[in-house]
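Comments concern the structure below.
Read-outs: derived from the displayed coordinates by stated rules, not from any lab. Every value quoted in this text rests on a predicted model; they were computed, and no experiment measured them. Cβ: placed from backbone, ideal geometry, glycine included. Neighbour counts: every protein chain shown.
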């Protein structure tokens, strides 16, 4: 009798831990449906599918290590592949592997956009994205377990699909746009849905003396059941060969970013972020390291401003 009671007590404890893990996953997915969002200057399609085909480089790969030194902190790896043609069609495929604690999310996002020349100086871009992914929670390394009920340690979430839409107006020196993520509100677990996100963004490029230029941008996000989020960037670049910038999010973090262009077809970049929350007492650094390259000759006759990094 004592043995049965002990087993039941142990299972209840494990079930509670599993439920807590699922809540953690749900909260993480609601706040960060696109883990590459923090690095949208390097992967602009993360903000809006309307930017498909507008990346300066065809392939971008990066690793984002947040809150270094904290066990179970977010780790994101992604590869983004971009394509455009002379008829105004842009395509992008992004593969994402995102882990936080025992939760692992893997996603594949396909974005399509049409870039319409509305006059001599402006282009209107409209895009649609479908993201397919799954989240799994693995508690094998987190808790003591018996072999009676091993399924509780590997909770495989359902395959879900999210739909995003967006539009952007581009000129040679500025851009402005809006996007709406998770328009369909896919169900994660029972009565738990992906959060919807409305984003407004814009940017400006100004030529300075000599071969210098200054870019500024902002991103404002409103997420269901979450505080609003603001991001600001400044980036100074010399001859499109190297540049240094700053990032500031009032309720989140501040940081610096560096981009080097050793050749016309290869770019390297690095971003450092410092937390502006209570996390500063635990960790004081987050890092992003990445590179981009071209796999095919550029379409020089397709005029599109390079407003991102």
Next item on the list: Assuming R0 = 30 Å, can you tell me the calculated FRET efficiency for the pair residue 59 and residue 185, based on Cβ-Cβ distance, to the nearest 0.05?
Entry: 0.40
Check: When you count, for each residue, the other Cβ atoms within 10 Å and take the mean per peptide, how do 91-98, 45-52 rank with the highest first?
Finding: 45-52, 91-98
Note to self: For a quick check: sort 201, 232 by the number of other beta carbons within 10 angstrom, fewest at the front.
What the structure shows: 232, 201
Notebook entry, point to check: So how do 66-79, 274-287 stack up, highest first, on mean other-Cβ count within 10 Å?
Noted result: 66-79, 274-287
Next item on the list: Give me 237, 187 ranked fewest to most by other Cβ atoms within 10 Å of their Cβ, as a rough exposure proxy.
Entry: 187, 237
Checklist line | Förster radius 30 Å - calculated FRET efficiency between residue 85 and residue 204 (Cβ-Cβ, nearest 0.05) | finding: 0.60
Notebook entry, point to check: Which FRET efficiency, nearest 0.05, do residue 241 and residue 192 yield, Cβ-Cβ r, R0 30 Å?
Noted result: 0.05
Check: By count of other Cβ within 10 Å, fewest leading, how are 205, 259 ordered?
Finding: 205, 259
